[in-house]
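Structure first, commentary second.
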Amino acid sequence: MTLDGKELVYANLPDYEDPPEWIHPHDRPYSEDYNNDINHFLPRQLILQRNQVSEQLGFNIRGGKEHHCGIYVSKVTVDSEADRLGLREADQILSVNRVNFEDIDHAEAVNILKRNTTIDMQVRFFPYGYDRTYDKSRYLLANHQQTPNSNH
């Protein structure tokens with residue numbers, strides 16, 4: 001769709017989160033910990049090609065439906081094909097070969113990634129969601145869920 005001859009870009013954006021308090025508003029455009037450029041967070045497509053399924057992917061993942069979050073890149077091997085394509089830590093994998101990764105079990109995601117030689121990924125940089133993969137208790141509190149050891 002276009003408006004005044006310009007291509008419109010649509011994106012599903014995550015819920016708004018306030019900027020980090022420790023970064024003064026005047027310093028935000030120059031801080032590595034804060035970026036408000038929407039283009040930095042838009043989904044992008046990466047096509048990783050391997051000769052054999054036994055070859056390393058060049059990245060690790062964490063998260064999954066059983067952890068109440070999406071699938072995120074947790075490590076990228078330096079100088080790997082994934083690194084050269086621009087995959088980075090805190091990228092959320094939205095889909096692989098047209099399979100939705102936004103609500104998938106970790107083991108199923110690993111299986112899909114490892115069994116293909118051509119991996120067509122839709123990813124987006126989403127460090128705020130990635131940070132949540134390290135703090136399950138924050139998720140439980142935010143959603144008023146009880147832990148298995150609670151007596152309520």
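The values are calculated or read from the model by the stated rules, or taken from the named source; none is laboratory data. In this text, all values refer to a predicted model and were calculated from it rather than measured experimentally. Note that we place each Cβ from the backbone using ideal geometry, even for glycine, and neighbour counts take in every protein chain shown. Ligands, DNA and RNA are excluded from the accessible area calculation, which covers all protein heavy atoms including side chains. Shrake-Rupley method; radii C 1.70, N 1.55, O 1.52, S 1.80 Å.
Using the Karplus equation 6.51 cos²θ - 1.76 cosθ + 1.60 (θ = phi - 60°), what ³J(HN,Hα) coupling, rounded to whole Hz, does each residue of region 79-85 give in order, writing x for Gly and Pro?
For region 79-85, the Karplus-derived couplings read 6, 7, 4, 4, 5, 5, 7 Hz, x marking Gly and Pro.
What residues have an amide H closer than 5 Å to that of E89, excluding those fewer than 5 places away on the same chain, when H is modeled at 1.01 Å from N in the peptide plane?
Close amide H contacts, sequence-distant or interchain: V76.
Give me the one-decimal nm value for the distance between modelled label points at Y134 and H68, 7 Å along each residue's Cα-to-Cβ direction.
Here the answer is 1.9 nm between the modelled labels.
How much length is gained if the chain between A90 and V53 is pulled fully straight, taking 0.36 nm per residue apart and subtracting their Cα-Cα distance, in nm to one decimal?
Between A90 and V53, full extension yields 10.9 nm more.
If we sort 92-103, 65-76 on the protection proxy, mean other Cβ atoms within 10 Å, highest first, what's the order? Provide the component values of the computation, followed by the final result.
Values: 92-103: 16.7, 65-76: 19.1.
Averaged packing, sorted descending, gives the order 65-76, 92-103.
Per residue of region 37-50, in order, report the coupling 6.51 cos²θ - 1.76 cosθ + 1.60 (Karplus, θ = phi - 60°) as ³J(HN,Hα) in whole Hz, putting x for Gly and Pro.
7, 4, 4, 5, 10, 6, x, 9, 9, 10, 10, 9, 10, 10
Can you give me the long-range amide H partners of F125? Hydrogens built in the peptide plane at 1.01 Å from N, cutoff under 5 Å, separation of 5 or more residues or another chain.
Under 5 Å from the amide H of F125: Q92.
Send over a whole-number figure in Å² for the accessible area per residue of region 73-121, probe 1.4 Å.
Heavy-atom SASA per residue in region 73-121 reads 54 Å².
Would you grab the residues whose amide H sits under 5 Å from the one on G70? Only those 5+ places off in sequence or on another chain, please, with H modelled 1.01 Å from N.
The list, which skips near neighbours in sequence, is G64.
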